[in-house]
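To keep things clear, I will list the structure first and then write my remarks on it.
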Amino acid sequence: MAEKSTIARPYAQAAFDLAQQQGKLKEWSEMLQWLAAVAADDAAMDLVGNPEISQEAKIKLFTDVCADKLNEQGKSMLTVLAENRRLTVLPEIAQQFEEQRAEAEKTVEAEVTTPYPLSDEQQQAMIAALKNRLGREVTLVNTTDESLIGGAIIRAGDLVIDASVTGQLERLTNTLMH
């Protein structure tokens, strides 16, 4: 079977194109996140993977859970995915849609891992520095990992900056060992 990301690509592109044309990127994003959450649920996947259950019943599961989040085009997309037995790729569709949305809106989500929570002032400084470096609007997510000792690890799209004390010690150890 082809990779899920390959299968998801045309569906994500079609959803993105329609959402952009309608000016409803945020609404489609929320809808796809809901559908992806249902698709990622183990119980739902057991049902989706069961060949004895009709495609209509599978569609009903998704529409019942996501009822107030689905628009007509979302329901149509769900029907097409079910008919093509592609409901399992919904998480990948949502992920690819978000990547396209971020590219179109010139935004990026940056995860900053520090040994302690950043203050509001530190977060604003980090956002400003990343915005300057990346040339995009930045949404910051601060996670903590006490094993870092100090510093930070920054992940924004394909960019990874390890400025942690732990990372520096590991690099020093590798340098001394070789």
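FYI, it's all coordinate maths here, none of it is from the lab. Remember, it's a predicted structure, so these values are computed and weren't measured experimentally. No Cβ is skipped: glycine too gets one built from the backbone with ideal geometry, and neighbour counts run over all protein chains shown.
Mind checking the full-extension length gain between A57 and T144? Use 0.36 nm per residue of separation minus the Cα-Cα distance, one decimal, nm. Show your work: numbers first, answer last.
On the way: separation 87, 0.36 × 87 = 31.32 nm, distance 4.21 nm.
Between A57 and T144, full extension yields an extra 27.1 nm.
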Review point. What is the set of long-range amide H partners of D145 at a cut-off below 5 Å, with H atoms built 1.01 Å from backbone N?
Key: T114, Y116
Study note, to complete from the structure: In whole angstrom, the spacing between the Cα centers of segment 6-64 and segment 106-130 equals 32
**Study point:** Residue with peak Gaussian network fluctuation, the chain [Cα springs, cutoff 10 Å], from F97, F62, F16
**Key:** F62
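Using mean Cβ contacts within 10 Å as the protection proxy, how do 155-161, 36-42 order, highest first? List each step's numbers first, then the result.
Numbers: 155-161: 13.1, 36-42: 15.6.
Sorting 155-161, 36-42 by mean packing, highest first, produces 36-42, 155-161.
From the helices alone, meaning DSSP H stretches of at least four residues, give me the mean residue ellipticity at 222 nm for the chain, per-run term -39500 (n - 2.57), in deg cm²/dmol to the nearest 500.
Numbers: 8 runs with 109 residues, N = 178.
Here the helix-only value at 222 nm equals -19500 deg cm²/dmol.
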Review point. Taking K26 as the anchor, which lysines have their alpha carbon closer than 23 Å to its alpha carbon, excluding any fewer than eight residues away along the same chain?
Key: K69, K75, K106, K131
Practice item. Return the sequence-ordered ³J(HN,Hα) values of segment 20-31 in whole Hz as given by the Karplus equation 6.51 cos²θ - 1.76 cosθ + 1.60 applied to θ = phi - 60°, using x for Gly and Pro. Key: 5, 4, 7, x, 10, 4, 5, 4, 5, 4, 4, 4
Review point. So what are the ³J(HN,Hα) numbers for segment 86-92, from phi and the Karplus equation (6.51, -1.76, 1.60; θ = phi - 60°), rounded to whole Hz, Gly and Pro as x?
Key: 10, 4, 5, 8, 4, x, 5
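For Q123 and E103, calculate 0.36 nm times their separation in residues minus their Cα-Cα distance, and state this gained length in nm to one decimal. Could you put the intermediate results ahead of the total?
On the way: separation 20, 0.36 × 20 = 7.20 nm, distance 2.25 nm.
Full extension from Q123 to E103 adds 4.9 nm.
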Exercise for review: Output the antiparallel fraction of DSSP beta bridges having both residues in segment 107-177, as a percent to the nearest 5.
Suggested key: 50
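Give the relative contact order (percent, whole number) for the chain; include only Cα pairs under 8 Å separated by 6+ residues. Kindly include the intermediate steps, with their values, before the conclusion.
Details: 193 pairs, mean separation 36.8, N = 178.
With pairs under 8 Å counted, the relative contact order is 21 percent.
How charged is the neighbourhood of A152? Take every other residue with its Cβ under 12 Å from the Cβ of A152, and add Lys/Arg as +1 and Asp/Glu as -1.
Working: positive: R155; negative: E111, D145, D162.
Within the 12 Å Cβ shell, the charges total -2.
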Revision key, fill the gap. In the chain the DSSP beta bridges are antiparallel at a rate, in percent to nearest 5, of 50
